[in-house]
Ligand SMILES: [Zn+2]
């Protein structure tokens with residue numbers, strides 16, 4: 001098995017070289033959209049495979065590989081965000097990995113292995129461990145049982161407990177070169193790869209996500225067309241029109257828009273929304289730097305509470321009023 005994505009080859013080889021004596025706690029860190037999750041799964045499978053290839057990669061054909069492929073390997077656990085159903089029957093993704101999940105993983109590693117090989121616990125996204133679950137996991141990371149490997153995956157490793165970070169061997173996964181990413185997207189018949197990559201900060205899987213969701217691209221356009229004309233912006237009308245846009249989409253778009261305004265203000269050119277470069281150049285000059293910094297900071301914090309949009313229309317209206325003030 002090759003690396004899951006061609007730009008991960010060097011990291012993949014570094015992992016494979018350690019297969020006989022793998023790090024018992026590994027942290028795969030790097031921006032979102034570069035394939036850390038796929039790399040972690042490939043590594044877990046390589047460790048569990050019972051007939052690995054000479055380079056250490058999984059064979060893809062043994063019984064262990066088969067179980068892994070169908071999500072049924074008895075010596076593997078994935079600890080991740082779970083869907084939750086509330087009283088009114090709505091299903092939502094939880095915002096944190098709960099302590100019960102961490103405890104279940106700890107119980108699992110205390111058992112003897114089913115197949116006499118490694119046992120692997122994959123925690124993804126590890127920055128979603130809440131404080132009790134992180135503390136529970138820390139105990140077992142301090143003294144992992146024999147032949148047990150923890151793989152933690154994180155876009156925001158600074159949000160992990162420092163004590164967890166210090167227990168882990170860290171492997172940083174960076175962005176591929178723009179050329180590599182653009183070539184990979186073009187190979188998948190994605191049009192306008194460069195605009196999508198700019199929009200995704202250079203992360204190819206994020207760019208692929210944008211390309212796959214035409215509706216989301218339309219929503220982005222609608223949001224940016226509104227934000228590009230602050231002088232005509234009507235907070236009440238827009239708040240009402242935008243209330244149906246997923247908070248995650250709204251956040252992604254707005255966060256990068258504010259980042260671009262800051263970039264224009266500070267260095268003169270936009271990074272993400274190149275298709276709106278003219279508007280950004282004009283608005284960047286008009287914007288008040290202190291107010292812009294304050295709004296961008298607030299937006300960064302809002303990213304953590306997205307799952308609970310109370311009074312969405314009012315929230316959007318208030319935000320838009322603040323946004324309009326940037327340019328007064
Ligand atoms: Zn195998």
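The values are calculated or read from the model by the stated rules, or taken from the named source; none is laboratory data. Note that the structure is a prediction, hence the values are computed from the model and not measured. Cβ atoms come from the backbone with ideal geometry, glycine included; neighbour counts cover every protein chain shown.
Scan the stretch 193-210 for residues that are part of a helix (DSSP H, G or I) and within 17 Å of residue 250 (Cα to Cα) and jot them down. Matches in the stretch 193-210: 196, 199, 206, 207, 209, 210. Counting only helices (runs of 4 or more DSSP H) that sit wholly inside the stretch 251-328, those with at least 2 residues that are closer than 22 Å to residue 201 by Cα and modelled with pLDDT of 90 or more are 277-286, 289-302. Can residue 18 be described as within 18 Å of the chain's Cα centre (by Cα), assigned to a loop (DSSP other than H, G, I, E, B) and in the same structural domain as residue 154 (by TED's automatic domain parsing)? Spelling it out, it is not the case that residue 18 is within 18 Å of the chain's Cα centre (by Cα), assigned to a loop (DSSP other than H, G, I, E, B) and in the same structural domain as residue 154 (by TED's automatic domain parsing). Here residue 171 fits the description: touching a strand residue (DSSP E or B) at 6+ places or on another chain (Cβ under 6 Å) and within 21 Å of residue 12 (Cα to Cα).
What do you reckon, is residue 202 farther than 30 Å from residue 114 by Cβ and surrounded by 14 or more Cβ atoms within 10 Å (Cβ to Cβ)? So residue 202 passes the test. Elements of the type helices (runs of 4 or more DSSP H) sitting completely within the stretch 45-159 and holding at least 1 residues that are under 30 Å from residue 174 (Cβ atoms), more than 16 Å from the ligand (Cβ to nearest atom) and at pLDDT 95 or above: these cover 99-110, 131-142.
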